[in-house]
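Comments concern the structure below.
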Amino acid sequence: MTETVRTPWHLWLVGVVTLLFNAVGIWSYLSTQAGNLDGLGMSTEAIDYVTSFPAWADSLWALGVWGAFSGSVLLLFRSRWAVTAFLTAIIGLVGTTIYQRVLTDLPADMHGIILPLAIWATTLFSTWYTISMRRKGVLR
């Protein structure tokens, strides 16, 4: 007989908060893909920048946002695949960061560091947390 591990209360908190945070990334990505950036308060220079990503950079951005969002959903379902989803998000985040911070010149109004740090912190924490929950047998 296998022992059932109870779901800790903090899994629901982490899952819901990260899901909401990552949904903003999805919304941003989909808005860019659909060309609906005019009403977001972005400068013309910033809009031109994000809509001119080469396909490989755009693909990495998609990996990052969809990986993180999927990871949060899978965490709420207590799926062990949440770890893979968050690791995929890290790959996308590394690639996107390299593209934006190393390979291109960001528009002046996109030089802020708070949002990128929040994205990195949330993604790394989510990955660590999910790995921890898998090790404890909470994820199936």
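The values are calculated or read from the model by the stated rules, or taken from the named source; none is laboratory data. Bear in mind that the values here come from a model prediction, so they are computed numbers and not experimental data. Cβ sites come from the backbone with ideal geometry, for glycine too, and all protein chains shown count toward neighbours. Calculation scope for accessible area: heavy atoms of the full protein, side chains included, ligands and nucleic acids excluded. Shrake-Rupley method; radii C 1.70, N 1.55, O 1.52, S 1.80 Å.
Going through region 1-17 one residue at a time, which ones are in a helix (DSSP H, G or I) and either free of Cβ contacts under 8 Å to residues at least 40 places away in the same chain or touching a Phe, Trp or Tyr at 6+ places or on another chain (Cβ under 8 Å) (or both)?
Of everything in region 1-17, those that are in a helix (DSSP H, G or I) and either free of Cβ contacts under 8 Å to residues at least 40 places away in the same chain or touching a Phe, Trp or Tyr at 6+ places or on another chain (Cβ under 8 Å) (or both) turn out to be W9, H10, L13, V14, V17.
Out of all the residues in region 102-117, which are surrounded by 13 or more Cβ atoms within 10 Å (Cβ to Cβ) and either on the phi > 0 side of the Ramachandran plot or not polar (S, T, N, Q) (or both)? Please lay out each step first, then the result.
Our first condition is that a residue be surrounded by 13 or more Cβ atoms within 10 Å (Cβ to Cβ); within region 102-117, this holds for 104, 106-107, 110, 116.
The answer is L106, P107, M110, P116.
Any residue that is of a type in the set (S, T, Y) and more than 16 Å from the chain's Cα centre (by Cα) - is there at least one of those in region 56-72?
Filtering region 56-72 down to residues of a type in the set (S, T, Y) leaves 59, 70, 72.
Checking the rest, the ones that are also more than 16 Å from the chain's Cα centre (by Cα) come to none.
Taking every residue of region 56-72 in turn, none turns out to be of a type in the set (S, T, Y) and more than 16 Å from the chain's Cα centre (by Cα).
The rows are residues; the columns are (1) in contact with a Gly (Cβ under 7 Å, 6 or more places away or on another chain); (2) among the acidic types (D, E); (3) buried (at least 18 other Cβ atoms within 10 Å of the Cβ); (4) part of a loop (DSSP other than H, G, I, E, B).
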{"position": "V50", "(1), (2), (3), (4)": "no, no, yes, no"}
{"position": "L75", "(1), (2), (3), (4)": "yes, no, yes, no"}
{"position": "S79", "(1), (2), (3), (4)": "no, no, yes, yes"}
{"position": "L87", "(1), (2), (3), (4)": "no, no, no, no"}
{"position": "I119", "(1), (2), (3), (4)": "no, no, yes, no"}
{"position": "T130", "(1), (2), (3), (4)": "yes, no, yes, no"}
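Which ones in region 33-73 are without any contact (Cβ under 8 Å) to a residue 12 or more places away in the chain and either β-branched (V, I, T) or closer than 22 Å to F125 by Cβ (or both)?
T44, I47
Regarding region 25-39, can at least one residue be identified that is open to solvent by 60 Å² or more (accessible area, probe 1.4 Å), in a helix (DSSP H, G or I) and touching a Ser or Thr at 6+ places or on another chain (Cβ under 6 Å)?
Checked region 25-39: no residue is open to solvent by 60 Å² or more (accessible area, probe 1.4 Å), in a helix (DSSP H, G or I) and touching a Ser or Thr at 6+ places or on another chain (Cβ under 6 Å).
Among the residues of region 4-15, is there at least one that is open to solvent by 40 Å² or more (accessible area, probe 1.4 Å), more than 18 Å from V138 (Cα to Cα) and at pLDDT 95 or above? Give the derivation first.
Of the residues in region 4-15, the ones open to solvent by 40 Å² or more (accessible area, probe 1.4 Å) are 4-6, 9-10, 12-13.
Of the ones still in play, those that are also more than 18 Å from V138 (Cα to Cα) are none.
No, region 4-15 has no match at all.
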